[in-house]
Amino acid sequence: MITISILPEKTPVRTSRMMTLVTGSRKINSDQRGLTLFEVLVCALILSVSLIVIYRPLLTSIGVLVDSENRAQANLILADQIWSFQDEFRRMKKIPKPLKDQIVTSKDKAFYLSLSHRPISADKKLYEAAAEIQWKNGVRSKRLVRIFYAASF
């Protein structure tokens with residue numbers, strides 16, 4: 001704690017921190033020095049490491065959110081294609097043609113959809129079909145496959 005008393009002009013006052021205050025001329029002589037370059041660099045290093053530690057999980061979670069949004073969009077597109085395939089097969093009693101690398105865009109993402117099928121029953125009223133959707137997430141390619149059955153009875 002620093003204590004200062006009002007004394008006549010230019011009378012030195014001793015405080016508990018070994019500072020010499022001269023009243024009237026406003027000079028402060030101190031035994032402490034300022035921060036050195038090394039201390040400033042250490043502070044900058046600690047600050048940068050702490051920012052990296054804070055922002056890395058944040059950026060990772062944003063990447064996971066984008067990936068899950070793309071997967072949800074792919075699931076919706078795939079579910080819609082499966083439903084339309086089964087609905088057309090039930091209504092028309094005729095199997096739709098297979099799809100090969102049909103491009104479906106959603107927002108600003110391109111999905112590649114393929115649909116293949118093969119008959120399971122001898123009377124060709126029951127089919128096993130595979131729907132596959134692919135998309136790119138940065139450098140990596142993602143893929144989602146669903147196997148389903150379609151009947152015309």
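Before moving on, here are some points about what is shown:
- Extreme residue, farthest from Arg71 (Cα to Cα), among residues of region 130-140 that are free of Cβ contacts under 8 Å to residues at least 60 places away in the same chain and touching a strand residue (DSSP E or B) at 6+ places or on another chain (Cβ under 6 Å): Ala130
- Residues in region 99-124 that are within 20 Å of Trp135 (Cβ to Cβ) and of a type outside the set (Ser, Thr, Tyr): 13 in all.
- Filter result for Glu128 (outside any loop (DSSP other than H, G, I, E, B) and under 23 Å from the mean Cα position of the chain (by Cα)): no
- Selection within region 113-125 - part of a strand (DSSP E or B) and either over 16 Å from Ile82 (Cβ atoms) or at pLDDT below 90 (or both): Pro119
The values are calculated or read from the model by the stated rules, or taken from the named source; none is laboratory data. Computed from a predicted structure; not experimentally measured. Here Cβ is always computed from backbone atoms with ideal geometry, including for glycine, and neighbour counts include all displayed protein chains.
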